[in-house]
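The values are calculated or read from the model by the stated rules, or taken from the named source; none is laboratory data. Because the structure is predicted, anything quoted here is derived from the model rather than measured. Here Cβ is always computed from backbone atoms with ideal geometry, including for glycine, and neighbour counts include all displayed protein chains. Protein only, heavy atoms only, side chains kept; ligands, DNA and RNA dropped before computing areas. Shrake-Rupley method; radii C 1.70, N 1.55, O 1.52, S 1.80 Å.
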Amino acid sequence: MHFIKTVTPACLLLAALSAGVSRAGEIKGKITAQGIKSPENIAVYIDAIPGKTFPPPSEHAVMDQRKLTFIPHVLVVLKGATVDFLNSDSVGHNVFWPAISGNKKLAHNLGTWPQGVKKAFTYDELGVAPLLCNVHSEMSGYIVVAPTPYFAVAGKDGSFEIKDVPPGHYTLKTWSEEGKPTTVAVDVGAGTATADLTVKR
Ligand SMILES: [Cu+2]
């Protein structure tokens, strides 16, 4: 009873904060590629959670254009996020996408701009924007617009990690340049949940 008398609002706040931190879990997993050359750059994200929306991040994501390459090759962002397209090359680059997930109404051309300049675009539609440059036909990249802020991109060996996931029952989904989308159910608790997926051509 003495304990209850000495609880202050600050104590309650601290308890709530530490509980929040300790409750968050993570998802670790590995993607196996079948019939495609590598699991590298496969996007993994928690699919839409019914009844839950997420405010867009105030911080911009960056898609760099360096040595005639989009870096990273695959960038995952939360719906509503803004991406800064930075030109780090001494030549001008153009950035456009002919559609978002096949919807040509969402095609957009950002124009062409010189070294050191960046152009911002806010992605309000879910789906995948295949990035192209009409100056360099070999340039290609992807923006994957996800419904939740819980996402990752697989490394060379197919491994991925999604941190700070609140406990719950979720559907994990993949997007891959060459393979078909895959889903797997995952239960996240306080610790590490494991999710392994196979992406097929
Ligand atoms: Cu270019």
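The residues listed here are S140, S159; of these, the one that is among the small types (G, A, S), more than 12 Å from the ligand (Cβ to nearest atom) and open to solvent by 10 Å² or more (accessible area, probe 1.4 Å) is S159. If only residues of segment 98-110 that are open to solvent by 50 Å² or more (accessible area, probe 1.4 Å) and of a type outside the set (K, R) are counted, the one that is nearest to the ligand (Cβ to nearest atom) is N109. Entry remark, segment 22-51: residues being at pLDDT below 95 and either touching a helix residue (DSSP H, G or I) at 6+ places or on another chain (Cβ under 6 Å) or open to solvent by 60 Å² or more (accessible area, probe 1.4 Å) (or both) number 5 in total. Condition check for H60 on (1) away from the ligand (no atom under 16 Å from the Cβ); (2) in contact with a strand residue (DSSP E or B) (Cβ under 6 Å, 6 or more places away or on another chain); (3) open to solvent by less than 30 Å² (accessible area, probe 1.4 Å): one failure, at (3). Taking the conditions exactly as written (at pLDDT 95 or above and within 12 Å of I46 (Cα to Cα)), does F151 satisfy them or not? Answer is yes for this residue.
Among the residues of segment 78-86, is there at least one that is outside any loop (DSSP other than H, G, I, E, B), touching a Lys or Arg at 6+ places or on another chain (Cβ under 7 Å) and surrounded by 15 or more Cβ atoms within 10 Å (Cβ to Cβ)?
Yes: segment 78-86 contains one or more residues that are outside any loop (DSSP other than H, G, I, E, B), touching a Lys or Arg at 6+ places or on another chain (Cβ under 7 Å) and surrounded by 15 or more Cβ atoms within 10 Å (Cβ to Cβ).
Put simply, of L106, L110, L132 the only residue that is touching a Lys or Arg at 6+ places or on another chain (Cβ under 6 Å) and either at pLDDT below 95 or of a type outside the set (D, E, K, R) (or both) is L110. Only one of the numbered conditions (1) over 16 Å from C133 (Cα atoms); (2) within 14 Å of the ligand (Cβ to nearest atom); (3) of a type in the set (A, V, I, L, M, F, W, C) is not met by V95, and that is (1). Checked against (1) within 16 Å of the ligand (Cβ to nearest atom); (2) out of contact with any Gly (no Cβ under 7 Å at 6 or more places or on another chain); (3) more than 16 Å from T174 (Cα to Cα); (4) among the aromatic types (F, W, Y), W113 passes all but a single condition, namely (2).
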